[in-house]
Amino acid sequence: MKPHALVLFSGGQDSTTCLAWALDRYQHVETIGFDYGQRHAIELECRPKVLASLRERFPAWAGKLGDDHMLDLSILGQVSDTALTAGKAIEMQANGLPNTFVPGRNLLFFTLAAAVAYRRGLQVLVGGMCETDYSGYPDCRDATLKALQVAIGLGMDTPLVIETPLMWIDKAETWHLVERLGGTALVDLVCEQTHTCYIGDRSARHVWGYGCGQCPACKLREKGFDSFSGWRSDKRGAAELARE
């Protein structure tokens, strides 16, 4: 029997891409989200809309998409003092890390996801962590997650695999992956319905989606989409020349 997966699904671009990747790969996929007092809590409102749209627009995936789980992790917001859990300016800290880094966040996410996966009989955990253009978060590193996979497997006496399909690709390549998985329909869904802005601003619609346009997450998304759009234009131009 093919493995079943649990996707860490925030409602943002990367986790939506990972969800599509898992639906394309596994026969049964469930999702899990965390309410940790994040400043951009608007992402939690996007989650059910994205899930509903995936079921509606991609019939081949609808039958694979199982239960969604939401956990209250407000304690994380209580013990942290970051720009993602408080209304403060985004800046670099003396230790060289941005103050958008929430200490322990991904470690807790995966540990709790593993507990749910254990109960649900799911063998694979999927997360959107990335080293290529990440914001300097040490808990997004491949080495961190490989070590965590070993610890979780030992602690639960169950082989659970952590998959990170975005680990070695940048944002432009992430957009390419979205298109390969679901075509223009999935690109449009990601632009229109996901949320990635750190500030939680959903008042402005850009070509790449909603956001403030100024925070690091928005700038990365915009840069990646511009590169992706340029590639698409070049490809169309080459195709037109070939037809002439």
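Numbers below:
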quantity: Filtered residue count, region 108-135, keeping only those that are within 16 Å of the chain's Cα centre (by Cα) and exposed (fewer than 15 other Cβ atoms within 10 Å of the Cβ); calculated: 1
quantity: Of the criteria (1) within 30 Å of Ala52 (Cβ to Cβ); (2) over 16 Å from the mean Cα position of the chain (by Cα), which one Ala151 fails; calculated: (1)
quantity: Some residue of region 155-168 being assigned to a strand (DSSP E or B), out of contact with any His (no Cβ under 9 Å at 6 or more places or on another chain), under 28 Å from Tyr198 (Cα atoms) and not hydrophobic (A, V, I, L, M, F, W, C); calculated: yes
quantity: Residue that is modelled with the highest pLDDT [pool: residues in region 58-97 that are within 26 Å of Cys215 (Cα to Cα) and in contact with a helix residue (DSSP H, G or I) (Cβ under 7 Å, 6 or more places away or on another chain)]; calculated: Leu73
quantity: Residue within region 25-37 that is at negative phi, in a loop (DSSP other than H, G, I, E, B) and within 18 Å of the chain's Cα centre (by Cα) present; calculated: yes
quantity: Failed criterion for Pro138 (all others in (1) surrounded by 12 or more Cβ atoms within 10 Å (Cβ to Cβ); (2) more than 23 Å from Phe9 (Cβ to Cβ) hold); calculated: (2)
quantity: Single residue of Arg47, Arg25, Arg39, Arg55 found to be touching a Gly at 6+ places or on another chain (Cβ under 8 Å), among the charged types (D, E, K, R) and modelled with pLDDT of 95 or more; calculated: Arg47
quantity: Count - residues of region 205-219 that are assigned to a helix (DSSP H, G or I) and either touching a Ser or Thr at 6+ places or on another chain (Cβ under 6 Å) or surrounded by fewer than 22 Cβ atoms within 10 Å (Cβ to Cβ) (or both); calculated: 3
quantity: Residue within region 195-204 that is within 27 Å of Gln123 (Cα to Cα), surrounded by 16 or more Cβ atoms within 10 Å (Cβ to Cβ) and among the charged types (D, E, K, R) present; calculated: no
quantity: Unique match (being under 26 Å from Gly77 (Cβ atoms) and hydrophobic (A, V, I, L, M, F, W, C)) among Leu154, Leu122, Leu108; calculated: Leu108
quantity: Verdict on Ala114 being in contact (Cβ under 8 Å) with a residue 24 or more places away in the chain and in contact with a Lys or Arg (Cβ under 6 Å, 6 or more places away or on another chain); calculated: no
quantity: Only one of Phe109, Phe101 that is modelled with pLDDT of 95 or more and farther than 15 Å from Met167 by Cβ; calculated: Phe109
quantity: In region 179-196, residue farthest from Ala86 (Cα to Cα) [restricted to those that are modelled with pLDDT of 95 or more and part of a loop (DSSP other than H, G, I, E, B)]; calculated: Thr194
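The values are calculated or read from the model by the stated rules, or taken from the named source; none is laboratory data. Just so we're clear, the structure is a prediction, and the values are computed from it rather than from any experiment. All Cβ positions, glycine included, derive from the backbone under ideal geometry; neighbour counts span all protein chains shown.
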